[in-house]
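Notes follow once the structure below has been shown.
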Amino acid sequence: MLGTIVVLAASALVAALELPALFRRKWRKEIFLYFVLLIPGTLLSIFAIRVSRIPSPLNIVIVVYKPVYEWFSYLLG
Amino acid sequence: MDNEKISVRQIGVLVILAVIGDSILVSPALIAQSAKQDAWISGLFGVFVGMLIAGLIYYVSRLFPNFTLMEFNRKILGKWAGGVVSLLFLCYFLMNTAAMSREISDFITTQMMPETPIWAIHLILVLLLLWGIRGGIETIARSAEMLFPCFFLFLICLLLFLTPQIKLEQIFPILPHGFKPILKGSIYTIAYPYADLIVFLMVLPSVIRKKHANRDYALAAFIGGIVLVAVILICTLVLGSYITAHQRYPTYALAKKISIGNFLERVEAFLTFIWIMSIFIKTILYGFAFVKGMSQLFNTKDEKFLLLPSGFIIFGLAYAISPDIVYYQNVLIKYWPFWDLTYALLFPLLCIIVYHVRIRFR
């Protein structure tokens, strides 16, 4: 619980430090990009700090490259 | 971070460090698993093919010498297809940064500091990473150049101190099972050191061109490869192929073996120093490529503001990327080399073909 609070506080702090400058200059795209990175980042960091498991993103790599590996190991025995 | 210039010597140092990178610690085991005592032949063959890939990457960077990967994707493949390819590259850079941070922390938590929680190491790493990326490529290159003599000295010492323990019969018989296991093993020397050089497409445009740039780049890639082959050979000669294949960190086990006259012992910390230095430079290059690529792909007016949110993502992904070491090792052995090769072989070839077709039919 403490970890979650710390991560949320950290991301709120980071946003509070950097977002006002972006809003002041009205950089819409940059603000959007900032949230696209920060929100998943905060979520992932919360999972990381609580040491709770989520499916690894490498599962996609496994699904895509399984046939390639099977072909390769069939080729080279 | 714009308009930064690095010298040819600095790019040489970066290439050597990136080639040695994480391979020095893990690749002897991966290769020895299939090639057994012929791992060094496998390594040599891998260096040969890897040099071709390094050359291919260099050739692509010369098509538009002043543009980075994201810019020439847009130029060659058009706005939409180029954007999709660039996004794929960004994912790849991000995953590589996270995976290499995870490799460092896996190593530290299993071998050196077993009671430290993994996120503590990730936190320190990510903070350092952000600090390095904030400094820009010039700073990264300069610090790599500064650390390099130290790196090479330790590496040479490591290899020299092991010579008393070499047992030459460990590499015989040569080629007992033919060439197939060697080819299978060599994919790790092709993919991990050389295919990862694709990240230099983001760095090469900021190199000041001199006469010997091509030669020095090739030489650096070659030196890195030869160092790897030397490490693999020493591993096989000292530990034997069986122990090499069944260790997760054979080079670390190797360094523990150093013992000269009951006087020079427990020098594995030197190896840790070497390894963390080279892998950290590689991680930083990938992180830099991610942040810079992101800012170039979306054409943002500034790139510093992307740093801290990327830090959160890297910190989270470094944990999420592998539930345990067995899963990660499995991916590293079976699938990651092909993922690497897709980016380092398929995309450059695609770029070159489209480029030449466009020139011909303009």
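The values are calculated or read from the model by the stated rules, or taken from the named source; none is laboratory data. Here the structure is a predicted model, which means the values were calculated and not measured. Positions of Cβ are generated from backbone atoms using ideal geometry, with glycine treated the same way; all protein chains shown enter the neighbour counts. Only protein heavy atoms, including side chains, enter the accessible area calculation; ligands, DNA and RNA are left aside. Shrake-Rupley method; radii C 1.70, N 1.55, O 1.52, S 1.80 Å.
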### Separation of alpha-carbon centers, region B:270-349 and region B:179-203, rounded to whole Å
16 Å
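Can you flag which of A:Lys66/B:Lys282; B:Lys36/B:Lys256; B:Lys5/B:Lys210; B:Lys282/B:Lys334 are past 18 Å Cα-Cα? Walk me through the intermediate numbers first.
Values: A:Lys66/B:Lys282 27 Å; B:Lys36/B:Lys256 22 Å; B:Lys5/B:Lys210 12 Å; B:Lys282/B:Lys334 22 Å.
From the list (A:Lys66/B:Lys282; B:Lys36/B:Lys256; B:Lys5/B:Lys210; B:Lys282/B:Lys334), the Cα-Cα distance tops 18 Å for A:Lys66/B:Lys282; B:Lys36/B:Lys256; B:Lys282/B:Lys334.
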### Message
Starting from the 7 Å offset along Cα-to-Cβ, what nm value, one decimal, do you get for the label separation of B:Arg360 and A:Arg24?
### Response
5.6 nm
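At 222 nm, what helix-only mean residue ellipticity would chain B give, in deg cm²/dmol to the nearest 500, using -39500 (n - 2.57) for each DSSP H run of four or more? Show your work: numbers first, answer last.
Working: 16 runs with 256 residues, N = 362.
Counting only the DSSP helices, I get -23500 deg cm²/dmol.
Tell me, in nm to one decimal, what length is gained between B:Ala81 and B:Lys167 on full extension, where the rule is 0.36 nm per residue of separation less the Cα-Cα distance? Please report the intermediate quantities before stating the final value.
On the way: separation 86, 0.36 × 86 = 30.96 nm, distance 5.48 nm.
Between B:Ala81 and B:Lys167, full extension yields an extra 25.5 nm.
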### Task
Determine the share of chain B's accessible area contributed by carbon and sulfur atoms, expressed in whole percent, with a 1.4 angstrom probe.
68 percent
#### Entry: Span from the region B:1-48 Cα centroid across to the region B:118-146 one, whole angstrom
20 Å
### Query
Using the Kirkwood formula over every pair of different C-alpha atoms, what hydrodynamic radius in Å results for the protein assembly as shown?
22.6 Å
### Summary
Sequence order, region B:22-28: Karplus ³J(HN,Hα) from phi using 6.51 cos²θ - 1.76 cosθ + 1.60, θ = phi - 60°, Hz rounded, Gly and Pro as x, gives 7, 4, 4, 8, 9, 5, x
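Calculate, for region B:8-360, the solvent-accessible area per residue in square angstrom, rolling a 1.4 angstrom probe over the heavy atoms of the protein chains. Numbers along the way, then the final one.
Working: 13690 Å² over 353 residues.
Spelled out: the 1.4 Å probe surface of region B:8-360, per residue, equals 39 Å².
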### Tail fraction, Cα-Cα pairs, chain A, threshold 20 Å, whole percent
56 percent
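So for each of A:26-39, B:273-286, B:124-137 I average, over its residues, the number of other beta carbons within 10 Å; can you give me the resulting order with the highest mean first? Mind dumping the intermediate values first?
Details: A:26-39: 15.9, B:273-286: 23.9, B:124-137: 19.1.
Most protected by this proxy first, the peptides run B:273-286, B:124-137, A:26-39.
How big a patch of accessible area, both sides summed and in Å² to the nearest 100, lies buried between A and B at a 1.4 Å probe?
On the way: alone 6870 and 16400 Å², together 19510 Å².
Heavy-atom accessible area buried at this interface is about 3800 Å².
Roughly how crowded by other chains is peptide A:60-70, in terms of the mean Cβ count from those chains within 10 Å of each of its Cβ atoms? The partial results should precede the final answer.
Working: counts 3, 10, 7, 1, 4, 9, 3, 1, 7, 5, 1.
The mean count of partner-chain Cβ atoms within 10 Å per residue comes to 5.
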#### Entry: Two-decimal Rg/Rh across chain B, once Rg and the Kirkwood Rh are taken from alpha-carbon atoms
0.97
### Summary
Per residue convex hull volume, Cα only, region B:261-362, in Å³ is 200 Å³
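Computed FRET efficiency, Cβ-Cβ of B:Ser259 and B:Ala120, R0 41 Å: what is it to the nearest 0.05? Write out the running numbers ahead of the final one.
Values: r = 32 Å, r/R0 = 0.79.
So, using R0 = 41 Å, E works out to roughly 0.80.
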### Task
Project the alpha carbons of region B:1-139 onto their principal axes and report the range along each, largest first, in whole Å.
48, 40, 33
### Message
Give me Rg/Rg_expected for region B:235-301, where Rg uses Cα atoms only and Rg_expected = 2.2 N^0.38 Å with N residues.
### Response
1.75
